[in-house]
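Trainee: Structure below; questions to follow.
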Amino acid sequence: MRIIESPEDMQRICENLRLARETIGFVPTMGAFHEGHLSLMRSARQSCSQVVVSLFVNPTQFGAGEDLSRYPRAVEKDSALAEQVGVDFLFTPTEQAMYPRGYETYVEVDRLTKVLCGVSRPTHFRGVTTIVAKLFNIVRPHKAFFGQKDAQQTVVIRKMVEDLNMGIEIVELPIVREADGLAMSSRNQYLSAEQRKEALVLHKSLQEAQRLIESGERNASRIIESMERVVRTAPHGQIDYIEIVDGSTLETLDELKGETLIALAVRMGPARLIDNTKVRV
Ligand code: AMP
């Protein structure tokens, strides 16, 4: 595995790979790798001849007062893990190289970024689409791999790729969970032992939703109310949102229909945790 720091070098390497008719699979990340990240890399490894992973803690997707300065960083451990799963190139640009002085261009997806996580994080997705567009321009991958953990992010990226004719196949892979059901996240490290236990309410509330749907419930408010009851059993939990939306338009559903996304965000002490499930009704 080669570690590349300069965007110009990365771009030149990827251009040569394309000219040599390699298929480039790309996994953008912010590092602190866990099995969720590794599952994306393994999938890229299986379906592409060259795998590029980027590791960049992107400042523009953090809001004022969010966790940018304490976001976990573990570059050496990460590069060992990436090498183990067969990554070819680990791209680790500096903040200075990605956002030099005088930087002023942003990519924004409109409506899809104003709902769900966009309500409490109004500048987040603009940072995500900007960095992902920049990374796509550097790597020019054939396929890019994202986790369903950030389901809204995948919807937003797909829209950007479609609207801007980027011609990149977006692959979404399932949420990887800890043995007890908690969705893996770099931010789980912020939790105390007690909060870590309470954090299970996110997954439990989604299981409750699934149970209700299996027993025939189709009314979104009733499902959300039951989920709220589950989340409220966690004393440190504070609900940011629990919503049931169409899986591709993210429009609120009163009655479950078609490809449905059930998503929630809960503040648990210092961490804001998200989780979701998709159901086809
Ligand atoms: P991050 O480093 O948190 O920006 O995440 C990089 C990629 O890994 C994103 O596409 C995430 O959706 C994905 N990811 C993060 N956690 C998980 C998880 N538990 N399961 C699957 N994918 C994940």
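Trainee: Work out, step by step, the length gained on full extension between Gln11 and Ser226: first 0.36 nm times the residue separation, then minus their alpha carbon distance; give nm to one decimal. Numbers along the way, then the final one.
Mentor: Values: separation 215, 0.36 × 215 = 77.40 nm, distance 4.96 nm.
So the extension gain works out to 72.4 nm.
Trainee: Output needed for the chain: three equivalent-ellipsoid semi-axes, defined as square roots of 5 times the C-alpha gyration tensor eigenvalues, in descending order, whole Å.
Mentor: 33, 20, 18
Trainee: Using only Cα atoms and rounding to the nearest 10 degrees, what angle (0 to 90) does helix 151-163 make with the longest principal axis of the chain?
Mentor: It is inclined by approximately 50 degrees.
Trainee: In addition: When the C-alpha atoms of segment 95-143 are aligned to their principal axes, what extent does each axis show, in angstrom, from largest down?
Mentor: Here the Cα extents, ordered largest to smallest, are 31, 30, 14 Å.
Trainee: Further question: Past the 24 Å Cα-Cα mark, which pairs from Lys159/Lys204; Lys149/Lys204; Lys77/Lys278; Lys114/Lys143?
Mentor: On the way: Lys159/Lys204 31 Å; Lys149/Lys204 15 Å; Lys77/Lys278 32 Å; Lys114/Lys143 26 Å.
With Cα atoms farther than 24 Å apart: Lys159/Lys204; Lys77/Lys278; Lys114/Lys143.
Trainee: Moving on to the next point. In 5 Å bins starting at 0, how do the alpha-carbon pair distances of segment 1-154 split up by percent?
Mentor: Taking all Cα pairs of segment 1-154, the binned fractions are 2, 9, 18, 22, 21, 16, 9, 3, 0, 0 percent.
Trainee: OK, next. How large is the dipole of segment 72-154 about the Cα centre if only Lys and Arg carry +1 and Asp and Glu carry -1, each at its Cβ, rounded to the nearest 20 debye?
Mentor: On the way: 11 positive and 9 negative charges, 58 e Å.
In debye, rounded to 20, segment 72-154 gives about 280.
Trainee: Then there is this: Could you calculate the contour length gain from Val75 to Val281, that is, 0.36 nm times the residue separation minus the distance between their Cα atoms, to one decimal place in nm? Intermediate values should be presented prior to the final figure.
Mentor: Details: separation 206, 0.36 × 206 = 74.16 nm, distance 4.22 nm.
Here the segment from Val75 to Val281 would lengthen by 69.9 nm.
Trainee: Using the number of other C-beta atoms within 10 angstrom as an exposure proxy, rank Tyr103, Tyr71 with the fewest first.
Mentor: On the way: Tyr103 11, Tyr71 18.
With the sparsest Cβ surroundings first, the list reads Tyr103, Tyr71.
Trainee: Here is a follow-up. How far is helix 124-139 tilted, in degrees, relative to the longest principal axis of the Cα atoms in the chain, given as a value from 0 to 90 rounded to the nearest 10?
Mentor: 30 degrees
Trainee: How far apart, in nm, are two points set 7 Å out from the Cα along the Cα-to-Cβ line at Glu251 and at Arg2?
Mentor: For the pair Glu251/Arg2, the computed spacing is 4.8 nm.
Taken together, the values in this text are just the output of simple stated rules run on the coordinates, not laboratory data. Quick caveat: nothing in here was measured; it's all calculated off a predicted structure. Please note: Cβ atoms are built from the backbone with ideal geometry, for glycine as well, and neighbour counts cover all protein chains shown.
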